Amino acid sequence: MAIAAIGAVFFSACGGGAGTATPPGSSAAAANVAPPDVAGADEPDGAPAAAYCRKTGGLVETRHAVYGSNGSQLLFLAGKRTFCQYTKKSDGSRIHILLSTLYTTKPTLAALAYILKPPSGSCGGNPASCYCSLLGGSDQFGGTSGAGGGWYKKNGVDQTLEACIFPDESSIDSWGLAYHSHNIIRGINLKKVLRYHYPGG
């Protein structure tokens, strides 16, 4: 079965070192003005997906790829992605999921990583970035140079987001995945809002 094959990818994921990554809520001064936010307008199923995010209690955020978040200036890159941010009222914790990952009814590597919670291994550096790498994804900008980078939203609570992006272009933020692997739910239990339903899950 295709699902079993995809699930096997996670449990046989190669390890990899994680370099310095941007911790939640950190920020750097912007080198130039960020492009305007247009929620989901340039993504497949953008408008319906954005509506679904809001219907399930999420906040639609368009974020821009930036490099150099550990320094004093940001370099805005060409990438732009729209995320759905869920916030838990009781503790203020948040989780971000790429809008297309949330809305699809088909399995994605990010959704399977969240649902199956493969055990975390060990590697140096940021534990969330480490876990992302062990799953076969990446949240690093510029490798292990230490310059930092991520998905930026001006005045966002998590201004520069560490999003774990997988080879199929699905994504959930690295901290949300790492915490969930230890049975800690940040923001919302994504299994309750993902349109994809894992058999028996």
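Laboratory data are not the source of any read-out in this text; all were calculated from the coordinates shown. Since this is a predicted model, take the numbers as computed values, not measurements. Counting neighbours? That spans all protein chains shown, and the Cβs are built from the backbone with ideal geometry, glycine included.
Tell me, which residue of region 132-146 that is touching a Gly at 6+ places or on another chain (Cβ under 8 Å) and not in a loop (DSSP other than H, G, I, E, B) is farthest from Thr62 (Cα to Cα)? Among residues in region 132-146 that are touching a Gly at 6+ places or on another chain (Cβ under 8 Å) and not in a loop (DSSP other than H, G, I, E, B), the one farthest from Thr62 (Cα to Cα) is Leu134. Listed by first and then second residue, the pairs with beta-carbon distance under 9 Å, at least 6 apart or on different chains, first residue in region 69-86 and touching a residue at least 24 places away in the same chain (Cβ under 8 Å) and under 30 Å from Val193 (Cα atoms), second among the hydrophobic types (A, V, I, L, M, F, W, C) and part of a loop (DSSP other than H, G, I, E, B), are Lys80/Val38; Thr82/Val38; Thr82/Ala39; Thr82/Ala41; Cys84/Val193; Gln85/Val157; Tyr86/Ile188; Tyr86/Val193.
So for region 113-128 (the condition being without any contact (Cβ under 8 Å) to a residue 12 or more places away in the chain and of a type outside the set (D, E, K, R)), does at least one residue qualify? So that I can check it myself, show each step before the final result.
Narrowing region 113-128 to residues without any contact (Cβ under 8 Å) to a residue 12 or more places away in the chain: 122.
Pick out the ones that are also of a type outside the set (D, E, K, R) and you get 122.
The answer is yes, given that some residue of region 113-128 is without any contact (Cβ under 8 Å) to a residue 12 or more places away in the chain and of a type outside the set (D, E, K, R).
In region 103-122, of all residues being in contact with a Phe, Trp or Tyr (Cβ under 9 Å, 6 or more places away or on another chain) and assigned to a helix (DSSP H, G or I), the one that is surrounded by the most Cβ atoms within 10 Å (Cβ to Cβ) corresponds to Ala110.
Just one of Ser129, Ser100, Ser133 is surrounded by 24 or more Cβ atoms within 10 Å (Cβ to Cβ), of a type outside the set (Val, Ile, Thr) and over 14 Å from Gly176 (Cβ atoms); which is it? Talk me through it step by step, then tell me what you get.
Details: Ser129 fails: over 14 Å from Gly176 (Cβ atoms); Ser100 fails: surrounded by 24 or more Cβ atoms within 10 Å (Cβ to Cβ).
Criteria check complete, one pass: Ser133.
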